[in-house]
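The values are calculated or read from the model by the stated rules, or taken from the named source; none is laboratory data. Fair warning: this is a prediction, and the values are worked out from it, not measured in the lab. We place every Cβ from the backbone using ideal geometry, glycine too, and count neighbours over all the protein chains shown.
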Amino acid sequence: MSASQAAKKQGGLAGVIAGESAICTCGLGNGLNYYGYAIEDLARNCDFEEVAFLLQYGELPTSKELESYKEKIIASRALNENLKAVLRAIPKTAHPMNLMQSAVAALGSLEPESDDFKDQDEKIIRLLGVLPSVLCYWHHYANFGREIDFNSAQKSIAGYFLEKLELQAPSDEFIKAMHCSLVLYAEHEFNASTFTARICASTKSDIFSSVAAAIGALRGPLHGGANEAAMHLIEGFSSVEAAIDGVNKKLENKELLMGFGHRIYGTGGDPRNALIKVWSKKLGGDTLLFKVSEAIENLMKEKKPNLPPNADFYSASAYYFMGIPTDYFTPIFIMSRVSGWCAHIKEQRANNKLIRPSSTYIGPEPRNFIKITQR
């Protein structure tokens, strides 16, 4: 069976090579790498800004470059009055992912990218700086009717977001855990949202439209929304025993368990899972929620060894232990993955060809037209 025949049999373009990229490898026998650096090294040793710089420019920064990069991101945090007005108009009932998409689309009108894309790096830095502010500003206005400022002593995206969400300084452990999560979610080759961004960019659209399109793809529970679904699963059980019984019933009913399995990694497992599990255990290892999580993981290893946990499973509990509302799990994904999306947008633009695949037609054979009076 050829690769194309196998892909057709599996559906969803599985196994289809859709292009070339120098940014990331995943599931190729050597784990997950960003520009050749192993995810384990990056997650254990880097602030997220180091990895964002790597994805934007192709090399890890020096200390001086990193300091300058962070200062530029800090200077990009504030919302202008027009963007604030847009956010105030979005009701509390809105899905936070639609909020984030609306804000990015609005930026395309309020702060447009130049037609020649020469300011694309400035726009990437703007997105990195402004996205945490967007979510936190809307959170406080929609829920409590108050407006927040964007001043902070926190120099990192992780620390700044956690501070503005709770309006108090976060613990060092929370900041380190958030750095790890952001690094793990930053990039993942031609996933659904990244490929969406590349398709949009291939039309020579602007960076804000491309990122807004990617957010739309990320919103779905089969992609970014999986961490929210995993949280709903875990918190739905009142004991370890209830979790084991409940998951067994779901397996008997052939229900899909979010947070397990991965299209790319298969039975080898997602290398990001072990890295974020360390932080979930540090932050909440003695809690019922963590014990339930681990019980579900162990049961799945026994009953479905071909479906190991992915990055979403323990990310959910790690965020929970940091006090982050479940609805904000996927918007945090955006704050991280925007670095990967923009790396791919830049790469697509550097050697652009319109992405326009073909389909295999399975509709009716040609037939004669019948006028409406004779039907």
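Overview of results
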item	result
Pairs with Cβ under 9 Å, 6+ apart, first in segment 155-180 and on the phi > 0 side of the Ramachandran plot, second among the β-branched types (Val, Ile, Thr)	LEU167/ILE148
Those residues of segment 87-98 which are surrounded by fewer than 21 Cβ atoms within 10 Å (Cβ to Cβ) and in a helix (DSSP H, G or I), in sequence order	ARG88, ASN98
Filter pass, ALA212 being assigned by TED's automatic domain parsing to the domain that holds LEU131, touching a Lys or Arg at 6+ places or on another chain (Cβ under 9 Å), touching a residue at least 60 places away in the same chain (Cβ under 8 Å) and not basic (Lys, Arg)	no
Identity of the residue in segment 33-55, in contact with a Cys (Cβ under 7 Å, 6 or more places away or on another chain) and farther than 13 Å from HIS179 by Cα, that ends up surrounded by the fewest Cβ atoms within 10 Å (Cβ to Cβ)	ASN33
Long-range neighbours under 6 Å by Cβ, at least six apart or interchain, first residue under 17 Å from SER76 (Cα atoms) within segment 101-123, second among the β-branched types (Val, Ile, Thr) and modelled with pLDDT of 95 or more	ALA103/VAL134; VAL104/VAL211; ALA106/VAL86; GLU113/ILE207; GLN120/ILE207; LYS123/ILE207
Test for LYS254: is it assigned to a helix (DSSP H, G or I) and surrounded by fewer than 16 Cβ atoms within 10 Å (Cβ to Cβ)	no
Condition met for ARG349 (surrounded by fewer than 20 Cβ atoms within 10 Å (Cβ to Cβ) and touching a residue at least 60 places away in the same chain (Cβ under 8 Å))	yes
Verdict on SER152 being without any contact (Cβ under 8 Å) to a residue 24 or more places away in the chain, assigned by TED's automatic domain parsing to the domain that holds GLU49, in contact with a helix residue (DSSP H, G or I) (Cβ under 9 Å, 6 or more places away or on another chain) and of a type in the set (S, T, N, Q)	no
Some residue of segment 325-332 being out of contact with any Phe, Trp or Tyr (no Cβ under 7 Å at 6 or more places or on another chain), among the hydroxyl-bearing types (Ser, Thr, Tyr) and under 14 Å from SER181 (Cα atoms)	yes
